[in-house]
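What follows is a short report on a single structure.
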Amino acid sequence: MADKSNDRKGTVLRRGMAEPDWSQTDAQRRAAKPQPYRWDIPRELQPGAPMPTETPAERTARWATRLRVFVVGVVVIACLLFIVQSSVQGFDATGVSMEPTLHNGDHVIVNKVAYAQVDFGLLDWAPLIDVGRRWATPSRGDIVVFRSPVDGKELVKRVVGMPGEWVTISSDVVYIDGERLDEPYAVDDTTCSYPCNWEVPEGHYFMLGDNRENSLDSREGWSVPLKNIDGKKVFAY
């Protein structure tokens, strides 16, 4: 007669089960199952628990690192927002003086630091430092936003005359120091009331609107000091 116990054991082993698992009851297997590690119980009282992957000090250091990265990220984002806020600004164009380049109601984004002055006052003792140096100065053809020297309103015009130049309007044409100025952006004839000859003061700029028949600008006899210029147009929409 065949030994049934050996047959049963062989069947179980052939099915891939370990003999201790086969011989244990369900309650014994649940009791032998590793339990989660509990930090509130001493290690010697947890003989069946697996060793933890990290100590409380390591976990604290990990969270401290995450917190530090988060704080640094917030500071960087705040600095970027401050730089953007202080370097660009939006203005609403009113009127038709700059048509067709700009239209009434267009929102103009201006670079406020395009002509900013770099103040090296604390380094004025150094021989190679220019205390009053600027990033750049307005160039002919730049579209700029400025405070009107007449009433202080914000205006958008184009730089035409540079400091120290003579601007002359003759036969509806603009001349700079006797040279005809090519103005593909200008619309309609450039007319003026007598006299039509101006010398631009040092540190000032002669401004004209592109829509020459519908623009109140430097043809009225005023020029714009550099300190009144808020910035250079970047784009408009």
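With K and R counted +1 and D and E -1, the other residues having a Cβ less than 13 Å from that of Thr94 yield a net charge of -2. Extending 7 Å from the Cα toward the beta-carbon at both Ala136 and Trp222 defines two label points whose distance is 2.7 nm. Applying 1/(1 + (r/R0)^6) with r as the Cβ-Cβ distance of Ala78 and Glu213 and R0 = 45 angstrom yields a FRET efficiency of 0.40. Rounded to whole numbers, the Karplus 3J(HN,Hα) couplings from phi for region 168-175 are 10, 10, 9, 6, 6, 10, 8, 10 Hz, using 6.51 cos²θ - 1.76 cosθ + 1.60 with θ = phi - 60°, and x at Gly and Pro. Give the calculated FRET efficiency between Thr191 and Thr94 to the nearest 0.05, with a Förster radius of 22 Å applied to their Cβ-Cβ distance. Using R0 = 22 Å, I get an efficiency of 0.45.
Each value in this text was obtained by applying a stated rule to the coordinates, not by laboratory testing. None of these values were measured; they are calculated from a predicted model. Glycine gets a Cβ as well: all are built from the backbone with ideal geometry, and neighbour counts include every protein chain shown.
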